[in-house]
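Only one structure is covered here, and it is reproduced in the block below.
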Amino acid sequence: MSFDTNQANLENMDLEEIKGKTNQAFEEDESQERRSCKISESSEGTKPKEEPDNAVNIQSDKNDQVSICYEVGPYAGMPKEVLICYSNQLRYRLPREIIFWLILAATIVLIACTITIIALSPKCLDWWQASPIYQIYPRSFKDSDGNGIGDLNGLKLIMDFIPNHTSDKHRWFQLSRNRTGKYTDYYIWVDCKHELNKTTNPNNWVSLFGYSAWQFDEVRGQCYLHQFLKEQPDLNYRNVDVQEEMKNVLRFWLKKGVDGFRVDAVKYLLEAESLRNEPQVNLTQNPNNITSYDELYHDYTTTQVGIHDIVRDWQHVLQEFSKEPGRYRFLMTESYDNEEIYKTMMYYGTSIQQEADFPFNFYLIDLYKEMSGDGVFKIVDYWMRNMPAGKWPNWVVGNHDNSRIASRVGEKYVKVINMLLLTLPGTPTTYYGEELGMENITVSEDEIQDPFGKFDPTANRDPQRSPMQWDSSDNAGFSTANKTWLPVHPNYVIVNVEVEKEQQNSTLTLYRELSFLRRNALPIHRGWMCYIWNDADIFAYVRELDGLSSVFLIVLNFGNSSEVNLASKISYLPKEANVRLSTDINKIGNKVQTASIITSAGEGLVLEYKTNNPVHTKTEFKDRCYISQKACYLNTFDILYKNC
């Protein structure tokens, strides 16, 4: 589950979200007048001050916050889908002469706009582009009721949507195993032999956790498919009733105010109807000895024809709830396609039909395989070269299924990896605790407080899911319970939010400064990225924007101590640059000679200089520069504009 950390304040026309209460984000009856709300404070027993005549609703909650709503009519910028809702309401009719002149004036303005610049606000990106995404594991983030297990009171909220399977305890599965009505074919059922407690499986398909993906069910007398655990039977997406059910699941959460979804394991939704055996990776291996998922090529259980139709249908559902300004509903997909990146890119959709806003980019998680400047360059370039033109990139360096950065590549590289994440173009995603430098825990069976009363067979994924380290108190401030569902890391006394926010050179302080820079520096959140150098130790790139003289040069060391002469590589590079941010706070504010940039292992620098000679305009860098949504800066009016 994920949420947006930089959306604390709502615009005037946004609907209110009051301290975790249900967010009535979408009004099904669109014939109602749109209302503008604000929250004001009142003391207990005191009436709010008198409001204008158009104040139509006053609501108060237990925290003495009063929400006052005003009726408003159509307004400039309202989407046509909402505006049309007013077409059947009584309005004053203007004289024909006035209408004629209004139409003429509007036509002149329209023509003028098409032949001149179109101004953009410097912060005109959607919320999911402008702000980092902060991914949490809710059971481990914050325990508000003292039972040792985390819960969540929402902000903007992106929810994990896992559509591939349900629990075997789910009502649908219980009805399906009993062949009840339409639920009979809600899952993948196949005839199979089961004698003397031994099952002859329909084919050689293997689950992600190993061994056969088929499980015999005593009640139905057939085998069902489970690409994950046997307690997680796969839904049958070739059944139109299942497809409609899952769209209704999306609508259920959207009506509650969820701002978007991360679609988990999307490539597993459909399987080949032929049930053919999947080809072996090692043709000489005895087929009867195949038990591991990696021993087969999964040509018939992943990325089948029809999956993208399903994703497009989900996008249409989200668009039903995205009609109000500021209430765009976001969709991302997760597929883990490794070297087959073209399959991942297909989830962006086409210029005609949109699918996901972006597919999750997990490639940086593999940094540990080649921890070097060249290795990082290859990963970043691999995504940017394959991403369709005009689409929005994203970057992920950790999640709930992978070891934490400090445990995966070493504590000294945490800061420089965060610097990479927050200075690349696109949307960064941070897994909770990585902004602190949290590490994996050691987990044993007797340390897990499992809510279902049994040991989780996938507990090898739990070391990176330990409770969030908020402060130095018991249980790291995560919970007041005697025992938490997973143990807290022993280093929580010195690695926690309260301690690090007071330390100028902490991982958290640097993360906050980088996030602030990304949000406010136009070249970083809207500009070009050009690779200017990479070697065994260093990966360096510039972030620049047309019309703006200020340029950021990012120099990151993923190897050993190094000295690089970038001035000799780029003759028009200024001789010196200012250190805007550094993994070493003592260097901030210093000047660096571009002919001799010295960094140690794990060090990162954000340098700033001014020039009228941008790198992205040079022929020699034509194939090393990228931009998603081009914009230019007009200094006279302090605006961005497109068509430049």
- prompt: Using a 1.4 Å probe, how large is the accessible area of Asp584, given in Å² and rounded to the nearest 10?
  reply: 50
message: Within the range 125-141, list the residues whose amide N lies under 16 Å from a label point set 7 Å along Cα→Cβ of Ala481.
response: 137-141
query: Which value, to two decimals, describes the C-alpha radius of gyration of the range 223-266 once divided by 2.2 N^0.38 Å?
result: 1.38
task: Go through the range 380-387 residue by residue and turn each phi into a ³J(HN,Hα) via Karplus (6.51, -1.76, 1.60, θ = phi - 60°); whole Hz please, and just put x for glycine and proline.
output: 5, 5, 4, 5, 5, 5, 9, 6
- request: Would you please classify the overall shape of the range 556-644 from the alpha carbon gyration tensor, given that a ≥ b ≥ c denote the square roots of the eigenvalues, rounded means a/c under 1.5, and beyond that prolate means a/b larger than b/c while oblate covers the rest?
  value: prolate
statement: Gyration tensor on Cα atoms of the range 267-416, a ≥ b ≥ c root eigenvalues, a/c under 1.5 rounded, else prolate if a/b beats b/c, else oblate, says oblate
- prompt: Quick one: putting +1 on the C-beta of Lys and Arg, -1 on the C-beta of Asp and Glu, what dipole do you get for the range 337-434 around its Cα centre, in Debye to the nearest 20?
  reply: 240
query: Using heavy-atom solvent-accessible surface (probe 1.4 Å) with all chains present, what is the largest-first order of Trp392, Trp253, Trp528?
result: Trp253, Trp528, Trp392
task: Mind grabbing the accessible area of Leu605 for me, 1.4 Å probe, Å², rounded to tens?
output: 0
- line: Scalar couplings 3J(HN,Hα) for the range 251-265 by Karplus 6.51 cos²θ - 1.76 cosθ + 1.60 (θ = phi - 60°), nearest whole Hz, x for Gly and Pro, are 4, 4, 6, 5, 5, 7, x, 4, 8, x, 9, 9, 7, 7, 6
query: In nm, to one decimal, how far is the Glu339 label point from the Ile352 one, both placed 7 Å along Cα→Cβ?
result: 3.3
Mean separation of Cα contacts under 8 Å, 6 or more apart, over the residue count of the range 397-439: relative contact order %: 52
field: For the range 321-335, 3J(HN,Hα) per residue [Karplus equation, 6.51 cos²θ - 1.76 cosθ + 1.60, θ = phi - 60°, Hz, x = Gly/Pro]
entry: 9, 10, 7, 7, x, x, 10, 4, 9, 9, 9, 10, 10, 10, 9
statement: Given backbone amide H placed at 1.01 Å from N, residues whose amide H is under 5 Å from that of Val206, ignoring those fewer than 5 places away on the same chain, are Ala213
message: Probe radius 1.4 Å, ligands and nucleic acids ignored: give me the carbon and sulfur share of the accessible area of the range 247-294 as a rounded percent.
response: 47
task: Could you list which residues have their amide H under 5 Å from that of Asn505, counting only those 5 or more apart in sequence or on another chain, with H placed in the peptide plane?
output: none
query: Whose amide H sits under 5 Å from the amide H of Phe161, counting only residues 5 or more places off or on another chain, with H placed in the peptide plane?
result: Arg262, Val263, Asp264
query: Once the whole set of protein chains is in place, how much accessible area is left on His316, using a 1.4 Å probe, in Å² to the nearest 10?
result: 90
Volume of the Cα convex hull of the range 256-326, divided per residue and given in Å³: 127
query: With N residues in the range 141-271, what two-decimal value do you get for its Cα radius of gyration over 2.2 N^0.38 Å?
result: 1.23
query: What is the extension gain from Arg251 to Thr200, computed as 0.36 nm multiplied by their sequence separation minus the C-alpha to C-alpha distance, in nm to one decimal?
result: 14.3 nm
query: Can you give the accessible area per residue of the range 253-361, in Å², using a 1.4 Å probe?
result: 43
query: Quick one: length gained pulling Glu273 to Ser144 fully straight, 0.36 nm per residue minus the C-alpha distance?
result: 41.8 nm
- prompt: Got a sec? Charge dipole of the range 311-456, +1 on Cβ for Lys and Arg, -1 for Asp and Glu; which of Ile365, Asn440, Met387 is way out at the positive end?
  reply: Met387
task: Measure off, as a whole percent, the carbon and sulfur share of the 1.4 Å-probe accessible area of the range 498-644, all protein chains present.
output: 45
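The values are calculated or read from the model by the stated rules, or taken from the named source; none is laboratory data. Worth saying up front: this structure is predicted, and the values here are computed from it rather than measured. Counting neighbours? That spans all protein chains shown, and the Cβs are built from the backbone with ideal geometry, glycine included. Side chains are part of the model used for accessible areas, which takes the heavy atoms of the whole protein and leaves out ligands, DNA and RNA. Shrake-Rupley method; radii C 1.70, N 1.55, O 1.52, S 1.80 Å.
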